[in-house]
Amino acid sequence: MKVLIVDDSPIMRSLIKSALTSNGITELTEAEHGKQALETLKTGTFDLILLDWNMPELDGLQTLKEIKKSGLATPVMMVTTESEKQRVVEAICAGAKDYLIKPFEPAGLIAKVNGIFKRAAQPA
Ligand SMILES: [Mg+2]
């Protein structure tokens, strides 16, 4: 499973990385903001995108909209703070598969990630 982690916080990226790595998901790529994420997505295929909301250059919601506009079917999970929780509906309407509220327990992240992979594996 290849996962693209998009977050402007190096600490958050490493928290996510260690949670995924300790659950056997080791093909991880990082991007610092939305613009870099869109560039990275042109270079290869991913099974999941974990997308922070507040970022410089291009925020998570705008990035999500760009991803969807490009026709890419890779599932996206928003990683948001409590204050953006009310806006999560907006992200779901824009095509996000799920969301995770920061701060999170590693087990909570893994449960959501596995849920997305499971649903992706089911025939439509
Ligand atoms: Mg951020």
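Every read-out reported here was derived from the displayed coordinates using simple, explicitly stated rules and does not represent laboratory data. This one's a predicted model, so the numbers in the text were calculated from it and none came from an experiment. Cβ coordinates were reconstructed from backbone atoms using ideal geometry, including for glycine residues, and neighbour counts include every protein chain displayed.
Taking every alpha-carbon pair under 8 Å whose residues sit at least 6 apart, region 29-118 reaches a relative contact order of 25 percent.
Would you mind pulling out the separation of the Cα centroids of region 78-124 and region 40-56, in Å? Measuring centre to centre over Cα atoms gives 14 Å. Mean residue ellipticity, 222 nm, helices only, the chain: the sum of -39500 (n - 2.57) across DSSP H runs of n ≥ 4, divided by residue count and rounded to 500, is -12500 deg cm²/dmol.
A cut-off of 5 Å between modelled amide H atoms, ignoring neighbours fewer than 5 places along the same chain, links residue 30 with 5.
Determine the gain in length on full extension of the stretch residue 45-residue 111; use 0.36 nm per residue of separation and subtract their C-alpha separation, reporting nm with one decimal. It would help to have the intermediate numbers written out before the result.
Details: separation 66, 0.36 × 66 = 23.76 nm, distance 2.25 nm.
Roughly 21.5 nm would be gained on extension.
Can you compute the label reach from residue 119? Point 7 Å from Cα along the Cβ direction, backbone N cut-off under 19 Å, restricted to region 11-49. Within reach of a label on residue 119: 46-49. Most mobile of 44, 34, 95 per a Gaussian network model of the chain (Cα springs, under 10 Å)? Of 44, 34, 95, the most mobile in the Gaussian network model is 44.
What is the percent of Cα-Cα separations in the chain that go past 21 Å? In whole percent, the long-distance tail amounts to 30. Shown in residue order for region 19-30 are the 3J(HN,Hα) couplings computed by the Karplus curve 6.51 cos²θ - 1.76 cosθ + 1.60 at θ = phi - 60°: 4, 5, 4, 6, 10, x, 9, 10, 8, 10, 10, 10 Hz (x for Gly and Pro).
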